Each structure stands twice: as C-alpha cells, then as structure tokens.
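*Asks:* Shown below is the structure under consideration.
The values are calculated or read from the model by the stated rules, or taken from the named source; none is laboratory data. Remember, it's a predicted structure, so these values are computed and weren't measured experimentally. In this analysis, Cβ positions are derived from the backbone assuming ideal geometry, glycine residues included, and neighbour counts consider all displayed protein chains. Just so you know, the surface numbers come from the protein's heavy atoms only, side chains and all, with ligands and any DNA or RNA stripped out. Shrake-Rupley method; radii C 1.70, N 1.55, O 1.52, S 1.80 Å.
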Amino acid sequence: MSGEKQPFVVMAKPVGSRCNMRCTYCYYLDKGKYSAHEKQSRMSYALLERLIRQTVEASPGPVVSFVWHGGEPTLAGLEFYERAVELQKKYLPKGWQAWNNLQTNGLLLNKKWCAFLKENRFDVGVSIDGSEAVHNANRRDLGGTGTWSRARQAVRTLRAAGIEPDLLCTVNSATVRDPEGVYRTLESLECGWVQFIPIVVRLPGGGFSEESVAPEAYGRFLCAMFDLWVKNGLGKMDVQLFAETARILAGGSPSVCWMAEECGRAPVVEEDGSVYACDHFVDPEHRLGTLGSAKLGALLDSPAQTAFGRTKREGLTAECRSCPWYRFCGGGCLKDRFGVSKDGEPGQYYLCAGLRALFAHAVPVLESVMEQSRAGRSPEEIMKTL
C-alpha cells in the first residue's frame, strides 16, 4: 500500500569514525572529515533522543532496530547506552521492543559492560580475524600492538555473561592463505554465528591495497570454509553467507542488503546528526540531510535514497542479469561494482568470480543437506553422509 511504513535498520555512529585501533584495511577512519564538528566527539544526549524518537516514529514496528557502530562505539561510554535504553523505553509504544546490536572490537568490554548488555538483551558482534597471526597482521591498537588476545578475551567475557556473540571475520590477503587455521580458531571460540566480510580497497592511483582479496582467492577461501563447515559445523555454527544461500534455496528472500535486489534501508546517522545513504557511502554525494533539518523517516523515503536503493537492481550488467546465480547475490554490493563484465561492460561486481565459484560448489551440497534435514536426519547424521 502506498505510504505504508517499511522496515529498516538505523546504523548509529555515536562517536563517528573515532577508534582505539588502527586496522590496516579500515575504510572508515577518515570519515570524520565530513563531520560538521571541527573534531568528532560523542553524539549529544539531545541528538540521541532525537534519533531514537524519530527511528521509532518511522518504524512500522513492533520491533525497532538499532545497530551501534563506529569507529568503535564503546568509546561513547557505558552511560551513553544506559541513556539510550532509557529513551527507547520512553518512546516505544506499548507492545513494541527495541533490537540493539553492538558491533565492537571488544577492547573495552569488561564484566560491567557485559552485564549491561545481557540485562538489556543486546546482540553483540566482535571483530576477530581468525587465528592470532592472521588477526594481528592487520588488527592493531594505537601503539601498533596486535589485539587478538584481547578480542578473544572479549568473546570469553561475553560468553561468561551469557551472551553468544557473532564473530565478524574479514576476508583479506592474510586470511585467504590459512582457511583451515581461520576456521578452527573461530570454531574453538564456540559461538553460533560467523560473518565473512571481504576486504577490497582501491588505491587512488589504481590497483588495490596489499590487504585486499582477489576474486579467485575469495572464491577458494569461501569454498574451503564451506567444506569445513558442512562436514564439521552443522548444528553448531552458522555462517551468514551459507545460511542466506539456504534461505534463498528454500524460497525466502535474503535478509542482508548486499545480497538483496535493492538496498537503501540501512541509513547511517553520524555523531553530528548527519544522515547518509549507507555505511560504505559516507561522503557529500550521499549525504541525505541532518536530523535537525528533517525527520529520519522523510530522509529514508526521499527521492535520493530511493534512487540509491534502486541503483542496485537497475544498474546491473547484461552478464549479471543473465547469470544463474544472480538470485543468490543480487549483483553484489554497490561499493564493489567497479569490475568489467566478460563483454566489456563496466559495473560488474568485482568479486563476482569468487561468488560464482562458491555457489557452483556449495548449492548442490546445500540442496542435499536441506533434503536430508526435511527427511528428519540430525546434523550429525547428515555430516556423516558428507
């Protein structure tokens, strides 16, 4: 129905791009140059209240979604999130609830933080790039020291508090050299959910950063991960990409934006109140406005944001439109649509070859797994057949 409110998730950046780490592949550290403030600080409580009130007003309910991101969002301090929860309770209609997700490097998490997160039912994602050597190759603190042991301890502290965090693992030039080591380390942390995030950083003069993953290496890594998971991890650990592929095979729609036909329902709100189209498009061209000048719902449904979301479907190459695997990837993320198709058409998803390799390898196996599951076989029985 025209005018009906549509679901969305707001990605709130309470400290903007400020961070207590210096990951070599980070794409966000320089985004503070677009802030209206001379120096980024913490989102004011007045702006926080405006953000929460307008997010609730724009939501169709009964669940209102907030992802707290950065930079490093824990730099805002525990009291900031205590205030956020108070304001959510103030503005949520009766019978509605807030879903909060904190995406963190884990360095500041302690028992007090974790008790709060547990009590207020926050989902938590912790960034950890698999094995110690692989993680420390790129994820270092301000003094240049590797952070793997502190990230692992954050996972343990969360689990001790009764929180099973998601593990956020980048796929870069280091991780692809040790897929089994990465998998075994993630498995040993005994968490139920893993996301693999490819690193692709183009350099101003052409080419890619040394941390970037090449399409073919990306495909080999994902195929290796799938084989390890399907033979060892069924019923124990879910991998987002594999779970989404199974969801689509079952007739559902992808729940993550980069795999969907259209995007644009995950706006970013920075520490100064500026609203941007997407986490990967924080720049003047994709700045929709501010929470002080317009309502979040109006910015989300603005012509600029609607056109941004439709570009994902309308900007496909002919190769993409005819691809048998298109229904699984939706043409890939817009930020990496700078490749060239086999016919020489620009706008192809750069990592296309990697995803094609994965889907060709994994889909027949997933179909067998799903068929056996429908027949009543347990994950242990299915893994024995594989």
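*Asks:* Quick check, is residue 260 open to solvent by 50 Å² or more (accessible area, probe 1.4 Å) and closer than 27 Å to residue 310 by Cα?
*Replies:* Answer is no for this residue.
*Asks:* So, in the stretch 308-324, of the ones that are of a type in the set (A, V, I, L, M, F, W, C) and over 22 Å from the mean Cα position of the chain (by Cα), which residue ends up nearest to residue 276 (Cα to Cα)?
*Replies:* Filtering the stretch 308-324 for residues that are of a type in the set (A, V, I, L, M, F, W, C) and over 22 Å from the mean Cα position of the chain (by Cα), the one nearest to residue 276 (Cα to Cα) comes out as 316.
*Asks:* Let me ask something else about it. Can you name every residue in the stretch 1-10 that is surrounded by fewer than 20 Cβ atoms within 10 Å (Cβ to Cβ) and not in a loop (DSSP other than H, G, I, E, B)?
*Replies:* 9
*Asks:* May I ask you to list the residues in the stretch 355-386 that are under 24 Å from residue 198 (Cβ atoms) and open to solvent by 50 Å² or more (accessible area, probe 1.4 Å)?
*Replies:* If the condition is that a residue be under 24 Å from residue 198 (Cβ atoms) and open to solvent by 50 Å² or more (accessible area, probe 1.4 Å), then 356, 360, 361, 364 are the ones that fit.
*Asks:* Let me ask you something else. Right, residue 25: of a type in the set (Ser, Thr, Tyr), assigned to a helix (DSSP H, G or I) and surrounded by 16 or more Cβ atoms within 10 Å (Cβ to Cβ) or not?
*Replies:* no
*Asks:* Consider the stretch 273-290. How many of its residues are open to solvent by 30 Å² or more (accessible area, probe 1.4 Å) and closer than 18 Å to residue 32 by Cβ?
*Replies:* Adding up the residues that qualify gives 8.
*Asks:* Answer yes or no: is there a residue in the stretch 272-284 that is free of Cβ contacts under 8 Å to residues at least 40 places away in the same chain, outside any helix (DSSP H, G or I) and in contact with a strand residue (DSSP E or B) (Cβ under 6 Å, 6 or more places away or on another chain).
*Replies:* yes
*Asks:* Select from the stretch 189-202 the residues that are more than 15 Å from residue 337 (Cα to Cα) and open to solvent by 20 Å² or more (accessible area, probe 1.4 Å) and list them in ascending order.
*Replies:* 190, 193, 195, 196, 197
*Asks:* Another question, then. Consider the stretch 123-135. How many of its residues are closer than 20 Å to residue 239 by Cα and open to solvent by 10 Å² or more (accessible area, probe 1.4 Å)?
*Replies:* So the answer is 4.
*Asks:* When residue 352 is evaluated against the numbered criteria (1) buried (at least 22 other Cβ atoms within 10 Å of the Cβ); (2) within 25 Å of residue 173 (Cβ to Cβ); (3) touching a Cys at 6+ places or on another chain (Cβ under 7 Å), which criterion, by number, is the only one it fails?
*Replies:* Of (1) buried (at least 22 other Cβ atoms within 10 Å of the Cβ); (2) within 25 Å of residue 173 (Cβ to Cβ); (3) touching a Cys at 6+ places or on another chain (Cβ under 7 Å), only one is false for residue 352: (3).
*Asks:* Are any residues in the stretch 29-88 open to solvent by 10 Å² or more (accessible area, probe 1.4 Å), within 15 Å of residue 290 (Cα to Cα) and assigned to a loop (DSSP other than H, G, I, E, B), and if so, which ones?
*Replies:* 35, 36, 37, 44
*Asks:* Continuing with this model, one more query. Can you give me the number of residues within the stretch 111-148 that are in a loop (DSSP other than H, G, I, E, B), under 19 Å from residue 70 (Cα atoms) and more than 19 Å from the chain's Cα centre (by Cα)?
*Replies:* Number of matching residues: 2.
*Asks:* So, one more: For a quick check of your reading of the model, give me the residue pairs whose first member lies in the stretch 216-235 and is open to solvent by less than 10 Å² (accessible area, probe 1.4 Å), whose second is charged (D, E, K, R) and at pLDDT 95 or above, with beta-carbon atoms closer than 8 Å and at least 6 apart or on different chains.
*Replies:* What qualifies is 219/356; 233/187.
*Asks:* Here are the criteria: (1) farther than 21 Å from residue 259 by Cβ; (2) more than 20 Å from the chain's Cα centre (by Cα). Tell me which single one residue 158 does not satisfy.
*Replies:* (2)
*Asks:* Residues that are over 21 Å from residue 248 (Cβ atoms), at least 2 per element: which helices (runs of 4 or more DSSP H) completely within the stretch 307-386 meet that?
*Replies:* Those helices (runs of 4 or more DSSP H) span 379-385.
*Asks:* Mind telling me which of the residues 245, 185, 157, 175 ends up being among the hydroxyl-bearing types (Ser, Thr, Tyr), touching a residue at least 40 places away in the same chain (Cβ under 8 Å) and either at positive phi or touching an Asp or Glu at 6+ places or on another chain (Cβ under 7 Å) (or both)?
*Replies:* Exactly one of 245, 185, 157, 175 is among the hydroxyl-bearing types (Ser, Thr, Tyr), touching a residue at least 40 places away in the same chain (Cβ under 8 Å) and either at positive phi or touching an Asp or Glu at 6+ places or on another chain (Cβ under 7 Å) (or both), namely 175.
*Asks:* Could you please find all residues in the stretch 89-100 being in contact with a strand residue (DSSP E or B) (Cβ under 7 Å, 6 or more places away or on another chain) and open to solvent by 10 Å² or more (accessible area, probe 1.4 Å)?
*Replies:* 92, 96, 97, 98, 99
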